[in-house]
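Worksheet: the structure to be examined is printed underneath.
The values are calculated or read from the model by the stated rules, or taken from the named source; none is laboratory data. Here the structure is a predicted model, which means the values were calculated and not measured. Backbone-built Cβ (ideal geometry, glycine too); neighbour counts: all protein chains shown.
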Amino acid sequence: MLTMEAAMEVRILHKQGVPIREIAERLGVSRNTVRRYVRSDDAPRYSPRPPRQGKLDPYTDWIRERLRSAAPYTIAASVIYREICARGYVGGERLVRQFVASIRPEVPAPPQVVRFETAPGVQMQVDWGVFKFGEFAASGFVSTLGYSRLLWVRFVTDQQFDTLRTCHIGAFEYFGGVPREILYDNMKTVIQTRNAYGAGLHRFHPAFWDFAKTYGFTPRVCQPYRAQTKGKVERSIRYLRESFFVPYMTQRQDGGLSLGELNDAAVQWLNTVANTRLHRGIDDRPVHRWETEAAALQPLPALGMQRPAPAQPTPAAARNDRTPLHHPLSIYERHAQRVAA
């Protein structure tokens with residue numbers, strides 16, 4: 001069957017006096033086909049093919065409902081990708097990102113900020129985030145190593161000094177050592193008076209200063225109202241909220257969440273998603289870069305007390321990337337031995 005355009009061309013050529021044989025040769029069809037269309041004035045009829053089902057089509061309704069039920073909170077497209085992969089999706093992540101972007105309200109892109117990179121073992125950035133969902137509320141201690149972007153988090157009930165110190169120790173144990181400096185904002189448990197002794201010479205909280213000397217790091221304070229100065233941890237807080245906290249809370253049905261359950265789930269997320277994903281900012285996986293950074297960190301001080309070994313980063317493949325991690329397990333065994341020592 002000829003297309004509508006080809007059928008019209010047959011009739012036009014015939015009216016122009018072109019022989020049927022020549023029309024058939026021009027269009028690459030048989031002479032009988034040309035005769036049939038010359039004798040008939042009916043437009044060609046088509047039997048439209050049923051549209052082919054795309055790989056994502058069976059999941060689009062589920063995605064819409066997942067995003068709708070989480071509103072006003074946002075769920076990252078990478079999380080949606082992981083969740084539908086668990087449901088049998090075999091397509092690519094880009095298709096999921098495009099679909100989620102098409103049904104999500106457009107948000108103006110933030111201004112570009114030039115990243116400030118540090119050498120391995122030099123810097124860690126720390127900040128608090130407030131995490132609320134319905135009646136649940138907690139503070140989130142978020143720390144990230146500047147070079148590897150290895151991330152550690154702990155949900156707590158307050159932001160007091162003792163809690164801050166305990167969270168620091170947990171981060172050091174997870175990272176396998178202490179960086180040379182840690183960057184903060186205006187935490188009252190860290191800094192008491194800015195520029196107390198001159199420009200850039202601040203008065204730190206006495207107990208915190210003693211803690212810093214014990215563990216061998218220098219506290220640094222970013223400029224006021226310059227969140228981009230500690231942009232690595234700022235982005236980590238947003239990533240934690242969108243990739244873990246909101247998806248986890250929206251899947252909870254019983255409402256009886258404890259901090260212990262939340263922190264256990266967070267460690268699992270750190271070891272299987274956050275620290276094993278392909279980080280776009282460094283074009284590598286944090287757990288890979290941590291192999292270099294761990295060797296540059298200062299050792300934990302021997303304080304005469306035995307602490308339980310923390311959960312260590314694991315080389316489990318990131319679910320949102322099908323490339324397997326070829327990371328030797330001996331790296332993590334040496335890390336655990338180093339922490340235990």
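Screening region 168-198 for residues that are under 25 Å from the mean Cα position of the chain (by Cα) and among the acidic types (Asp, Glu) and picking the one that is modelled with the lowest pLDDT gives ASP185.
Based on what the data block shows, is TYR248 more than 14 Å from the chain's Cα centre (by Cα), at pLDDT below 85, assigned to a helix (DSSP H, G or I) and surrounded by 13 or more Cβ atoms within 10 Å (Cβ to Cβ)? Don't jump to the end; show me each part of the working.
Numbers: more than 14 Å from the chain's Cα centre (by Cα): yes; at pLDDT below 85: no; assigned to a helix (DSSP H, G or I): yes; surrounded by 13 or more Cβ atoms within 10 Å (Cβ to Cβ): yes.
No: the conditions fail for TYR248.
Considering each of ARG149, ARG165, ARG154 in turn, give the residue that is in a loop (DSSP other than H, G, I, E, B), modelled with pLDDT of 90 or more and either of a type outside the set (S, T, N, Q) or not assigned by TED's automatic domain parsing to the domain that holds PRO299 (or both).
Going through ARG149, ARG165, ARG154 in turn, just one is in a loop (DSSP other than H, G, I, E, B), modelled with pLDDT of 90 or more and either of a type outside the set (S, T, N, Q) or not assigned by TED's automatic domain parsing to the domain that holds PRO299 (or both): ARG149.
For region 160-176, the set of residues classified as touching a Leu at 6+ places or on another chain (Cβ under 9 Å) and surrounded by fewer than 21 Cβ atoms within 10 Å (Cβ to Cβ) consists of ILE169, GLU173, listed by residue number. Contact annotation: residue pairs with Cβ atoms under 8 Å, 6 or more positions apart or on different chains, pairing a residue in region 111-130 that is under 26 Å from THR189 (Cα atoms) with a partner that is at pLDDT below 95 and exposed (fewer than 12 other Cβ atoms within 10 Å of the Cβ), are VAL130/ALA137. Selection over region 211-241 of residues that are in contact with a Cys (Cβ under 6 Å, 6 or more places away or on another chain), at pLDDT below 65 and either surrounded by fewer than 17 Cβ atoms within 10 Å (Cβ to Cβ) or not polar (S, T, N, Q) (or both) gives a count of 0.
Wholly within region 6-84, which helices (runs of 4 or more DSSP H) include no fewer than the required count, namely at least 2 residues that are exposed (fewer than 14 other Cβ atoms within 10 Å of the Cβ), within 56 Å of the chain's Cα centre (by Cα) and modelled with pLDDT under 90?
By residue number, 60-70.
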